[in-house]
Structures are given as C-alpha cells and as structure tokens.
C-alpha cells in the first residue's frame, strides 16, 4: 500500500506520516509548503499536479485544508478553492487511479450553530445524528467537501470514510478570556472531557478508517476523546461542570490545584465517539482518566507523538493579540 497524505506540513499530516513511515508503510507527503515530511510541493487546487501525485497511490488521507484560523485572513473564495475544489480534484484523481481507500479529515466545526440553543443551560450531546449548521465559511466548506465525498462514494464506488475530528492542535486558545484565565495545559486537560483528542488517537482513527474503508459506510464519524459522561449528565454539565466531574473523579480537583489549575465551570457540548469506536474498531487511549494518572505521577499527559509534532501555527507571521486574528 502506497499512501498519499495531503497537508503533510500540518499537525495531523506530519503525525500520520511519522506513524506510517515508522511502520515501514510507503507514504508520500503533499503540501503547498516544503517540510521534512513533504515529498511533493504544490497545491491541491492544481488539477494536473494532483493527477500526477496520484500515480502509484493505493490509499489517500486528505488532511490538507484552510482552517478556522484562516477565516479572518483568507477570502471565502480561497476556502472554496482549497476545501471544496481541491477535495474534488483529489476525489476525481483517486477514482481514475483506482484508489482502494480514501479518508477525508473533516471537523466537528461543521456542527457550529447547532450546538447553541437560545436560553439553554444544558450541554449539547453531540452525535452524528445531530444536523450540522456551520457558523462560518470554514465549516460550510468542510461540510460541502463531505457531500462531495459521499456522492463520489455512492456514484463512483470509491471506498471512503469521513472523519470529523475535534481539537488536536497544541496552540493556545483564540479566546483572550480563556488565555487570561488558564494556562494552555490546563485548557487542554479540561477539553479532553468533551472536545479534544490527542493526535496519536486521531492518527489511529485514520489508520482504522484506511483499513476498513471497503467494508463500512462512509460515515461521518466523530473522532474525539472518549467522554466519561452520559446524556443524563448534560443538564448538570451546562450549569455546574465541576460538580459533575467531581462525581466521577473525586481526586481531580486536588490534582489540578497542585498545579494552580481549575476545572471548567460549564460545558456547552459533549462530543460522542461511540459510533467510531464500534464501526471503525477504533480504541482511543487518551482520556481524562489518563490525564489524571499522569498528573498524579507528575508526567506529561500528551502523547510522545503530540510532543514530536509540536506547535506549528497557521500563518507565516505572528500576531500580538492572539495566535491568530478572529473574524
């Protein structure tokens, strides 16, 4: 199997390539930016470039995208060109090449405004059955690309899986209030409860999808850390998350306090990965219990792969008022 990985200069693309090459799997990295993991430098918006890159490829992981951090710096047309047209180029080339499995990396951001219920103090219980309602051009174009993927699977027979990943980037939050209130590690430890995944688990989900693309439905599948909560916890989580967390993990507040950390006061959503675990045969390792075990042992709770990939940023320049401008 020769795997083409788009977005090879990005967090997930690099992590996938590190893992594949470490396992001896032939893999080709493609990105518009040169990097130690990029073999082909060019744009997925270039139809001819994509066609040439697909030669000899038997599997594709499409992780290249314009992200939420680009919403304030790139036009809507840029998003359509990259996230929609670029995906179409890859799908068409994959069909022509007879690719055996195609994994499209989407995002939980497609749910967007569907998470917000006016006046509600209850956390949203987010499964694949929730109808997406994107709130920006990023979410819109990722959902459009999902539609192209599903249509190509149905009409052209391309074995394909759509993964909606939650947060795995290591950079600080774009919300200034959160940056003032919490250190990065504290934020990300809290997020593991409901909206974050360690990048090693994200990679393992991709590998499961590559393996099973020919025998399962295309999805989409939510890829997030396994939450300890149930739907019955959502009312309390939306009002008093620490109370709900203490019921499950009585020791957590003391472990957090030793580091000057705090629990998040309320949750607005909980991503549920049950369908991905059952249908992909995926077994994520990094959950909140893992975080607490690591804190008790005074060791890093993030995976070694997450540390190796590290922080990349999303722009060629730095911004004084945050990791990126917010639209």
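Give the calculated FRET efficiency between residue 39 and residue 304 to the nearest 0.05, with a Förster radius of 22 Å applied to their Cβ-Cβ distance. With a Förster radius of 22 Å, E is 0.40.
Over all directions, average the projected area of the Cα convex hull of the stretch 62-191 and note it in nm².
Taking a quarter of the hull surface, the average projection is 9.5 nm².
Considered as an equivalent ellipsoid built on the Cα gyration tensor, the stretch 72-135 has semi-axes of 31, 18, 7 Å, the largest given first. A helix-only calculation puts the chain at -11500 deg cm²/dmol for mean residue ellipticity at 222 nm, using -39500 (n - 2.57) for each DSSP H run of at least four residues, averaged over all residues.
Note on residue 55 and residue 117: their simple-model spin labels are 5.5 nm apart, each label 7 Å out from Cα toward Cβ. Counting only alpha carbon atoms, the long axis of helix 11-22 and the longest principal axis of the chain meet at about 70°.
Full extension of the chain between residue 293 and residue 48 gives 83.2 nm of extra length, using 0.36 nm per residue less the Cα-Cα distance. Against the chain, whose longest principal axis comes from its Cα atoms, helix 86-97 is set at around 50 degrees.
As a proxy for reagent exposure, ranking 174, 268 by other Cβ atoms within 10 Å from fewest up yields 174, 268. Spacing of the modelled spin labels on residue 235 and residue 95, each 7 Å from Cα toward Cβ, amounts to 5.0 nm.
Sorting the segments 103-111, 190-198, 246-254 by their mean number of nearby beta carbons within 10 angstrom, highest to lowest, gives 103-111, 190-198, 246-254. Helix 137-156 and the longest principal axis of the Cα set of the chain meet at an angle near 50°. Using 0.36 nm per residue and subtracting the Cα-Cα separation, the extra length available between residue 151 and residue 130 on full extension is 5.6 nm. Neighbour counts of other Cβ atoms within 10 Å put 224, 304 in the fewest-to-most order 304, 224.
Read-outs throughout are calculated quantities, based only on the coordinates presented, and are distinct from any laboratory measurement. Owing to the predicted nature of the structure, the values given are computational and were not obtained by experimental measurement. Cβ coordinates were reconstructed from backbone atoms using ideal geometry, including for glycine residues, and neighbour counts include every protein chain displayed.
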